[in-house]
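All of the numbers you see were taken from the coordinates with simple rules; none came from a lab. For clarity, every value in this text was computed on a predicted model and none was experimentally measured. When we count neighbours, we look across all protein chains shown, and the Cβ atoms used for this are built from the backbone with ideal geometry, even at glycine.
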Amino acid sequence: MNRFQELWWQQVCAEHEILTLLVASSSIAICHQLHYLQMVTEKLGKAYYWRDRKPPPKSHASFVRFLQLLVSRGNRDCDRIATLLGFDSTIELRGWIRSAAPLAHEIERLAPALAGNMGPNVEYPWPQEAPTETPAKYLFPVGVRLRSKTGRQFLKVLALAVREFPNYA
Amino acid sequence: MGTTATIAFSPESWARSYAKSHYETDPGITDIFFIPSEPGEREVRLVEVNDQLAERAADPSEAWILTIDDEGQVPHKLAIVDVTPNQWIKILSGQLSLPTGWSLSGHLRMAQD
């Protein structure tokens, strides 16, 4: 882990800590949990990208790309990373990435910059010109999916990916 | 001497390998195109069309570029531009551009098999 990655990772850890508190709370609006989830996944991907000591693209879509880059490393490295993330093998990790990708993309699209003026996002009422919905009261379908087996595993792997970052960055 | 030989590098061959892996791990990817780099350059360039990405108003001309196997026998850079199907159509018609130095000349669709 280089010094740029360390700074990004520290921020990821701080935001993941809040995410953990939000996930454990049933009384706080789901938009906050999704907001932090979106930020943690985005920043973890970008922290990894700093591996080359260069700033990442401005694009938000980085978590699936980050996972794909992890399994692009040499076989021995991939197996080690798979173990760090709680999988028995690289094959198992790759299978999980495939099953988690739709959820990851859905979370990425919740960022206001990607949701557009008309769509649900985790920060501002929409549509922008004449709002009819607000994040605090909206029942986000992705929030329901996060409580499913796939969602729970997503959060579990994310927690390991954050914690173990210095060991694979 | 403990020097490590650097193996001959074929960007297209690596592109096929990455494409296979990326098709397999992201069901949102509908097409992957190989973009030839300059002869002798150790860079694999891909445009990945993904129907799960948000439609952005901005030009998607930024590539993700990362060094792969930097301490091994086949060090190279992997450069990927993520686009939506609509953005790819606009790139083909010249309404949107690829990153500086990239050209559609000789681009190849990587089969999804």
Partner chain Cβ atoms within 10 Å, averaged over the residues of A:67-74 - can you pull that number for me? 5
Sequence-distant residues sharing a close amide H with B:T30 (under 5 Å, placed H): B:V49, B:N50, B:D51
With a 22 Å threshold on alpha-carbon distance, the violating pairs from A:K46/A:K149; A:K46/A:K156; A:K43/B:K20; A:K156/B:K77; A:K58/B:K90; A:K46/B:K90 are A:K46/A:K149; A:K43/B:K20; A:K156/B:K77; A:K46/B:K90
Over chain B, what is the relative contact order in percent, taking alpha-carbon pairs closer than 8 angstrom and at least six residues apart? 31
Given DSSP loops and a limit of at most 14 other Cβ atoms within 10 Å, what is the longest stretch of chain A that contains no such trypsin sites (Lys or Arg not before Pro)? A:59-146
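Relative contact order of chain A, please, whole-number percent, based on alpha carbon pairs below 8 angstrom and at least 6 residues apart.
On the way: 188 pairs, mean separation 44.6, N = 169.
Dividing the mean separation by the residue count of chain A yields 26 percent.
Taking a ≥ b ≥ c as the square roots of the eigenvalues of the Cα gyration tensor of the protein assembly as shown, is the shape rounded (a/c under 1.5), prolate (a/b larger than b/c) or oblate?
Taking the square roots of the gyration eigenvalues as a ≥ b ≥ c, the protein assembly as shown is oblate.
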Would you please give the FRET efficiency between A:E6 and B:V74, computed as 1/(1 + (r/R0)^6) with r the Cβ-Cβ distance and R0 = 30 Å, to the nearest 0.05? 0.60
In the protein assembly as shown, taking the dipole from +1 charges on Lys and Arg beta carbons and -1 charges on Asp and Glu beta carbons about the Cα centre, the listed residue (B:I80, A:F87, A:Y49) farthest towards the positive end is A:F87
Sorted by Cβ density within 10 Å, fewest first, the residues A:I97, A:I91, A:I81: A:I91, A:I81, A:I97
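How well do other chains shield peptide B:46-56, expressed as the mean number of their Cβ atoms within 10 Å of each residue Cβ? Could you put the intermediate results ahead of the total?
Working: counts 0, 0, 2, 0, 5, 1, 9, 8, 13, 3, 7.
Mean shielding by partner chains, rounded to a whole number: 4.
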Treating only the Cβ atoms of Lys and Arg (+1) and Asp and Glu (-1) as charged, compute the dipole magnitude of region A:20-169 about its Cα centre; round to the nearest 20 debye. 380
